[in-house]
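A.B. asks: Pasting a structure below so you can have a look.
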Amino acid sequence: MPKHNKDILDKLLAGISIRGTLVHPTTLFVFATTILIGSAIFLWERHQETIVNLDEFSLTQEKILLTPQPHWSELDLRKMVLDQSNGEQASILDTELVPRTAGIMKQVGFVEQINSIEKSKAGLNIDVIYREPVALVELSAVTMKSKWPNGQIDRTVLLPVDRNGVLMPESIGDNLNLPWIAVLFPSQFQATWEQWPDERIHDAAAISSAFKRPLSELGIQRITTNQVDSTDSNLSPKPFELYSGSGTRIVWGNAPGKEAESEVDAIKKIRAIEAVVDQYGPLNEIDLGRIDVRSGKAISTGFSKTASQSNEPKLEFK
């Protein structure tokens, strides 16, 4: 059997010659195409200024169509795109313009997603989604308990996060009427523009982002949970609640997409909350006690209590 296989291989090789391969139509076609493309690139690089009017294809700020930046952003993204040419005049004809621009956008912390980057004779069109703060993480004697410095009991630090729980610069949250995220002993964050390493903060940010109306219009001040550590599977999960400041507490349940079998989705919960607000007014102007919306209906479960007889740590709001 091995000898037979060898005979077949010998016959196949015997039918192939170097001369025959070189003059084969396929080989000639590939060779000619390679030379043609290489010559075109060489001629373009050497003589492009005589082929087209390069000034017509020069890239300027006026030719960059960019999704309007947030009012708080300090970087000029158009200038960053133009600066990528290492001192040379940026050109729409640059074959690396789009991938280099994409690389620049990916390095900008407040760019959440790149939808598209397209170039044409008219210029460069950059369509991106920017991060927007949806809530403020509360660091205070309320959330840090005994770990908060004694000399700063009355001090509260509010750090903005986007819908994915990504930490944003503290200055962005100044004068923003956003809900506070209050969780017990929040994990230590790493750096600005990185996701906060605390699942509870991710979930609370997702709850805030689910609302189309500002939570301040509904009278909601805080998104809270008494879950001490969301990574500890031995602890019984505790629901998220929406705190109004007047005594009214809304039992929300789990974060959007993480609902238990007995829970409705976020849209139905929000409708139930809005129905209560439509009937009674903003929640921070009336004490309706504790209201559970996990079923999709606003069910009163009695008056809320800020203190607990349990030895477990609790969030206590004044």
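A.B. asks: Per the Kirkwood treatment, what hydrodynamic radius in Å, one decimal, follows for region 105-216 from the mean inverse distance over all distinct Cα pairs? Present the calculation step by step, with values, prior to reporting the outcome.
C.D. replies: Working: mean 1/r = 0.0647 Å⁻¹.
Computed over Cα pairs of region 105-216, the Kirkwood hydrodynamic radius comes out at 15.5 Å.
A.B. asks: On to the next question. Which ³J(HN,Hα) values, rounded to whole Hz and listed in residue order, are derived for region 201-212 from phi using the Karplus coefficients 6.51, -1.76 and 1.60 in 6.51 cos²θ - 1.76 cosθ + 1.60 with θ = phi - 60°, glycine and proline given as x?
C.D. replies: Karplus values, whole Hz, x for Gly and Pro: 5, 4, 5, 5, 5, 5, 5, 4, 5, 5, 7, 7.
A.B. asks: Let me see the pair-distance distribution of region 51-131: every alpha carbon pair, 5 Å bin width, integer percents in order.
C.D. replies: So the P(r) values, bin by bin, are 3, 14, 29, 26, 15, 8, 3, 1, 0.
A.B. asks: Let me ask another. Tell me, what are the semi-axes, in whole angstrom and largest first, of the equivalent ellipsoid of region 240-289 as set by the roots of 5 times the Cα gyration tensor eigenvalues?
C.D. replies: Calculated on Cα positions only, the semi-axes equal 22, 12, 7 Å.
A.B. asks: Could you tell me the center-to-center distance, by alpha carbons, between region 139-197 and region 98-136 in angstrom?
C.D. replies: So the separation of the two Cα centres works out to 27 Å.
A.B. asks: For region 162-240, which trypsin sites (Lys or Arg not before Pro) pass both filters: DSSP loop (anything but H, G, I, E, B) and at most 15 other C-beta atoms within 10 Å?
C.D. replies: Values: sites: ARG163, ARG200, LYS212, ARG222; in loops: ARG163, LYS212.
Answer by residue number: LYS212.
A.B. asks: Report in % the part of the accessible area of region 119-237 that belongs to carbon and sulfur, leaving out ligands and nucleic acids; probe 1.4 Å. Provide the component values of the computation, followed by the final result.
C.D. replies: Numbers: 2630 of 5710 Å².
For region 119-237, the apolar C and S fraction of the accessible surface comes to 46 percent.
A.B. asks: So, one more: Which cross-chain or sequence-distant (5 or more) residues have an amide H under 5 Å from the amide H of VAL128, H modelled 1.01 Å from N in plane?
C.D. replies: THR67, ASN115
A.B. asks: Compute the accessible area per residue over region 120-162, keeping the other protein chains in place, probe 1.4 Å, unit Å².
C.D. replies: Details: 1990 Å² over 43 residues.
Normalised by residue count, the accessible surface of region 120-162 is 46 Å².
The values are calculated or read from the model by the stated rules, or taken from the named source; none is laboratory data. Everything quoted here is computed from the prediction, not taken from an experiment. Here Cβ is always computed from backbone atoms with ideal geometry, including for glycine, and neighbour counts include all displayed protein chains. Each accessible area value is taken on the protein alone, full model and side chains, heavy atoms only, with ligands, DNA and RNA left out. Shrake-Rupley method; radii C 1.70, N 1.55, O 1.52, S 1.80 Å.
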